[in-house]
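I have placed the structure first, in the form of C-alpha cells, so that the comments after it can refer back to it.
The values are calculated or read from the model by the stated rules, or taken from the named source; none is laboratory data. Values in this document were obtained by computation on a predicted structure and should not be read as measured data. Every residue, glycine as well, gets a Cβ built from its backbone with ideal geometry; the counts of neighbours run over all protein chains shown. Calculation scope for accessible area: heavy atoms of the full protein, side chains included, ligands and nucleic acids excluded. Shrake-Rupley method; radii C 1.70, N 1.55, O 1.52, S 1.80 Å.
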Amino acid sequence: MTMNIAPIKTLDVKNRLGECVLWDARESVVLWTDIESSLFWRWDFPDGEPQSFLLPERLGSFALTNRAGTYLGAFESGFARFTPSENQFELMAPVSAEHKHLRMNDGRVDRQGHFWAATMAEQDPMGDQPWGTLWRHDGAAHATATLSGFKIPNSLCWSRDGGTIYFADSPQNTIWRYAFDPHSGPVGDPVIFAQTDKAVHPDGSCIDSEDHVWNAQWGAGEVVRYRPDGSVERRIKLPVSQPSCVAIGGPDSDILFVTTARVDLSEAQLLKQPLAGGLFAYQIDIKGIAEVICKTA
C-alpha cells in the first residue's frame, strides 16, 4: 500500500546530509545530525524553533545518555562524548582517526544499552573495497570490531526482544537480519530480510511497537514499513528523493520523523524538490518504542 499523506510539520532546514534522527521523550525534543555540515540539530516539538550547534568533527550518529543534553557520538574519528549546548567534546575511543579515508556512519543502541556504529570509506585508496566495519562501544576508551566487509553500513536496529539485529549495506541494496547475542553480538550467517531496486538504497531504520521495521529509502523518495517476515506493509511517499533516517516519537509516540538530504542533487533537481534537506513529521497510526539510553557513555 502506497500512502501519499501530507506531513503535519516540515522544517525547511536544508541539511546537506541530515541523519540519525532520534526522539528524546525526557525533553520532548527531536534530535538529528547534518553530517556534511558538522551540525547537531535540536527541535522542541512541535512549535519550537529548530536550533543547530557547530561540532568539531562530522557526526555520523549518536546515542542518548543518562544526562539529558549529553550524547555519545560516532564522529568521523571515533566515539566521543559531547554536550553541544556547552560546546564540550571528548574523544573517548578513536576508531578511524588514523585512517583518513574512513569515517563513522550509522549507529544505534541495542536493548542492553551498548552503542553500535559502523565505519565507511569515503576515499578508497585501493579501489572499490568493502572497508566498513561494525563497532561496539564498550565504555571509556574501549571499542570492539565485529562484522566487517561492508561499503556503506546502514539500517542498524534491533527487534523488540533484542534477539535480532537488522543491518544493511546500502550499495548492495539489501537489508539483512542476524541472530543477536546480548554478550557477543551478531551470531551466525545473515539472512536476507529485504531487497530494493538497484537505484534505491536502504538507509536508516527503526522498530515500532508491532516489531515492524521502518526504513528510509534513499533514491526512491519514500519510507517503507516492513513486516517481521520482510514483506512490505506500507510505503509513504515524500516530496524529496533522498530520505535518510527515521524515528517514531512525539508526546503520544505516533509521529514519524524523517531526515533528508540535498547532497549530490543538481540545481535542476533542487528546483523540483525545494524541500530537500528538510525534516518531515507525519502522523501515523502505529506507536513507536522508547529509544534505549546508552549505558557506556
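Just to be sure, is Asp44 more than 29 Å from Phe180 (Cα to Cα), open to solvent by 20 Å² or more (accessible area, probe 1.4 Å) and at pLDDT below 95? Walk me through it before giving the result.
On the way: more than 29 Å from Phe180 (Cα to Cα): yes; open to solvent by 20 Å² or more (accessible area, probe 1.4 Å): yes; at pLDDT below 95: no.
Criteria not met by Asp44.
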Which one is farthest from His137 (Cα to Cα), of the residues in the range 63-102 that are open to solvent by 10 Å² or more (accessible area, probe 1.4 Å) and in a strand (DSSP E or B)?
Gln88
Number of positions in the range 146-163 that are under 20 Å from Gly188 (Cβ atoms) and open to solvent by less than 50 Å² (accessible area, probe 1.4 Å)
12
